[in-house]
1. Hey, can you tell me all the residues within region 170-186 that are touching a Lys or Arg at 6+ places or on another chain (Cβ under 8 Å), crowded, with 17+ Cβ neighbours inside 10 Å and at pLDDT 95 or above?
2. Return the total of residues in region 97-125 being over 16 Å from Ser66 (Cα atoms), surrounded by 13 or more Cβ atoms within 10 Å (Cβ to Cβ) and not basic (Lys, Arg).
3. Quick one: is Arg190 assigned to a helix (DSSP H, G or I), charged (D, E, K, R) and in contact (Cβ under 8 Å) with a residue 40 or more places away in the chain?
4. Does Thr207 fit the bill of being within 25 Å of Gly55 (Cβ to Cβ) and not basic (Lys, Arg)?
5. For the list (1) aliphatic (A, V, I, L, M); (2) surrounded by fewer than 21 Cβ atoms within 10 Å (Cβ to Cβ); (3) within 21 Å of Val48 (Cα to Cα), I need the number of the one condition that Leu161 fails.
6. If you scan region 137-146, which residues turn out to be surrounded by 15 or more Cβ atoms within 10 Å (Cβ to Cβ) and either farther than 23 Å from Val183 by Cβ or free of Cβ contacts under 8 Å to residues at least 12 places away in the same chain (or both)?
7. Please list, ordered by first then second residue, the pairs with beta carbon atoms under 8 Å, 6 or more apart or interchain, first in region 102-124 and in contact (Cβ under 8 Å) with a residue 40 or more places away in the chain, second among the acidic types (Asp, Glu).
8. If you go through region 74-96 one residue at a time, how many are surrounded by fewer than 16 Cβ atoms within 10 Å (Cβ to Cβ) and part of a strand (DSSP E or B)?
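The values are calculated or read from the model by the stated rules, or taken from the named source; none is laboratory data. On a predicted model such as this, the values are computed, not experimentally measured, just so you know. Every residue, glycine among them, receives a Cβ derived from its backbone with ideal geometry; neighbour counts consider all protein chains shown.
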Amino acid sequence: MDELAMSYRAPVRNGGLRAALGSLVRREYKTVQALDQVSFTIGKGEVVGFIGPNGAGKTTTMKILSGILHPTAGRVAVLGDTPWQRRAPFLKRIAFVRGSQPVGGSQELTVMDSLEYQRLLYDVARPDFRRTLDELQQLLDLQLDRQLRALSLGERMRVGLAMALIYRPEVLFLDEPSIGLDVTAAAQIRRFIADHVRTTGATVLLTSHYVADVTSLCERLILIDQGKLAYDGPFAELSARLSPYAADLLESLREEDR
């Protein structure tokens, strides 16, 4: 990823009744710079933590790398492909899981129905599907006959991971995989991700506000702030390199982790 930039127009929100009424007649817009000349490279098999304050540009970057958004400028290659071209062979090699919405589609479907849909969508051979499903069911404790709407947040996250991994992607984009989970459920998700990476060699880019996610899974951190790259290197060096800013940031993350 080289000199990635992303900007968009957003309506100006002025306070007061007169301003609100005026915006109905003539709306004003401002340009928001979500990403500003961000560059980094991730090697095969790396697990990288992608951190920063809310609104820093983490999710925007994830969406560009997974092909959901088209950047304003810059060059991006993931597995040799330009993500936003959304070529079918490329999409079969990546997965994007959001902790805020780990499972999409009809909530009336059962877990098994959802996984079968993924099999068809990604053209997974049935023998491969059955073998992978058996592994995931054991590792993630999936209850295949339950409807999605009846699942807890932790259960939905496990199903979301299963749906992402059923076609064995090479690259995983995980956006806040433990958000909203209790301590036990979050630890289970971390253990599963670590085991999966160890056994498959998958490449992972992970965003999280929880220090435990980052320290247990990632040796390398990329820090982004206000759309700009602020740090890229080992976790252990972050505080020393960016102190006192980094120390304040890490402390804020720890506070959210308690």
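1. The answer is Val171, and nothing else.
2. 14
3. no
4. So Thr207 fits the description; yes.
5. (2)
6. Gln137, Leu144
7. Hits for this filter: Val111/Asp145.
8. Of the residues in region 74-96, 1 are surrounded by fewer than 16 Cβ atoms within 10 Å (Cβ to Cβ) and part of a strand (DSSP E or B).
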